[in-house]
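Here is the structure we will look at.
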Amino acid sequence: MTTRRLAAAALGAALLTLPACSDDPAPATGTTTSTTATSSRPSATPRPAAAGVDRDLARSVAKVARAHPEADIALAHAPVGARGPVEVHGAPTTLVAWSTIKVPLALAVIRSADGGDWSGDVERALTASDNAAADSLWQRLGAGEAAAGAVETQLRRGHDTRTEVPAEVTVPGYSAFGQSRWRLTDQTRFTAALPCLAGSSSVTEAMGRVVDGQRWGLGTIPGARFKGGWGSTPEGYVVRQLGIVPGAKGDLAVTLQVRTGTHEGGTAIADELARSVRLHRGTLEAGRC
């Protein structure tokens, strides 16, 4: 095992094993424009928006954060096709990816040209967050170092230059890939690039067919293509999403994350953040490939 993989394993081993959930039983190159909402810790105070930041969205996200001082909340966005700065609101703590990592995993299998029929596993992994299907995709890539390297290759194609995918299980009962630590800014850059990457159409189309029970957060926005992830960590319960949202003149890459006490609490806050995006997306910079 390489030094990098040993480091990842050591980090994961430090986590506590917690009850499995419906997700995996089981983070900037470039500059973010600002952190505009309260840090969601009671002692934090809002900071002024930087020039160019959408102030209406900043105020809206800050209002959500003030209403939930017990939670860590963050939202980021960038125009699809852009490689520039990511606009961030809230407290973008680096968190476990959970099933959002199934997006580059699926893309890696599609790009592998192994000659097999991957369509069913990709569909189930992305529309229903099926863990068995995702594990099958991981095995198709050779598992271990081979699979981790293949997923990282897709992240690099999407302008995420930092995220590392564990090659082996670091927390018993949870997938190796689901324990990746994915910074919100890096995830946003990847999402902004995703529709423009060769081989991505099968992925983004499946992201538009997510099952009803998982259509919280960005799933409440008509036309959104998205993937969620959720699960327990020693620091709290995490829910997060990446998605492509229709804007006024193109599409937006939007990511969000919430760390709070329960799945129900986290998804309810995600719904509030998505409502903020829905209300203000007409003024946000959008783009196309």
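The values are calculated or read from the model by the stated rules, or taken from the named source; none is laboratory data. Not measured: the values here are computed from a predicted model. Ideal geometry is used to build each Cβ from the backbone, glycine not excepted, and the neighbour counts take in all protein chains shown.
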- request: Please find, within segment 168-190, the residue that is farthest from residue 155 (Cα to Cα) out of those that are touching a helix residue (DSSP H, G or I) at 6+ places or on another chain (Cβ under 8 Å) and of a type in the set (Ser, Thr, Tyr).
  value: 170
query: Among the residues of segment 172-183, is there at least one that is aromatic (Phe, Trp, Tyr), on the phi < 0 side of the Ramachandran plot, in a helix (DSSP H, G or I) and at pLDDT 95 or above?
result: yes
message: Can you find, within segment 195-226, the residue that is farthest from residue 246 (Cα to Cα) among those that are touching a strand residue (DSSP E or B) at 6+ places or on another chain (Cβ under 7 Å) and part of a helix (DSSP H, G or I)?
response: 214
query: Within the set of pairs 6+ apart or on separate chains, which have a first residue in segment 144-168 that is over 14 Å from residue 179 (Cβ atoms), a second that is among the charged types (D, E, K, R) and part of a helix (DSSP H, G or I), and C-beta atoms under 6 Å apart?
result: 159/189; 160/186; 160/189; 162/186
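Condition check: buried (at least 24 other Cβ atoms within 10 Å of the Cβ), modelled with pLDDT of 95 or more and either acidic (Asp, Glu) or in a loop (DSSP other than H, G, I, E, B) (or both). Does residue 145 satisfy that? Can you show your working first?
Values: buried (at least 24 other Cβ atoms within 10 Å of the Cβ): no; modelled with pLDDT of 95 or more: yes; either acidic (Asp, Glu) or in a loop (DSSP other than H, G, I, E, B) (or both): yes.
Spelling it out, it is not the case that residue 145 is buried (at least 24 other Cβ atoms within 10 Å of the Cβ), modelled with pLDDT of 95 or more and either acidic (Asp, Glu) or in a loop (DSSP other than H, G, I, E, B) (or both).
I'd like to check something: does segment 231-251 contain any residue that is touching a Cys at 6+ places or on another chain (Cβ under 6 Å) and more than 19 Å from residue 79 (Cβ to Cβ)?
Looking for residues that are touching a Cys at 6+ places or on another chain (Cβ under 6 Å) and more than 19 Å from residue 79 (Cβ to Cβ), one finds at least one in segment 231-251, hence yes.
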- prompt: Which of (1) closer than 20 Å to residue 197 by Cα; (2) crowded, with 23+ Cβ neighbours inside 10 Å does residue 273 not meet, given it meets every other one?
  reply: (1)
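Tally time: how many residues in segment 123-142 are outside any loop (DSSP other than H, G, I, E, B) and either polar (S, T, N, Q) or under 14 Å from residue 178 (Cα atoms) (or both)? Break it down stepwise before answering.
Step one: of segment 123-142, the residues outside any loop (DSSP other than H, G, I, E, B) are 123-127, 131-140.
Narrowing further to those that are either polar (S, T, N, Q) or under 14 Å from residue 178 (Cα atoms) (or both): 125-127, 131-139.
Of the residues in segment 123-142, 12 are outside any loop (DSSP other than H, G, I, E, B) and either polar (S, T, N, Q) or under 14 Å from residue 178 (Cα atoms) (or both).
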query: Does residue 160 satisfy the criteria of being crowded, with 22+ Cβ neighbours inside 10 Å, part of a loop (DSSP other than H, G, I, E, B) and of a type in the set (D, E, K, R)?
result: yes
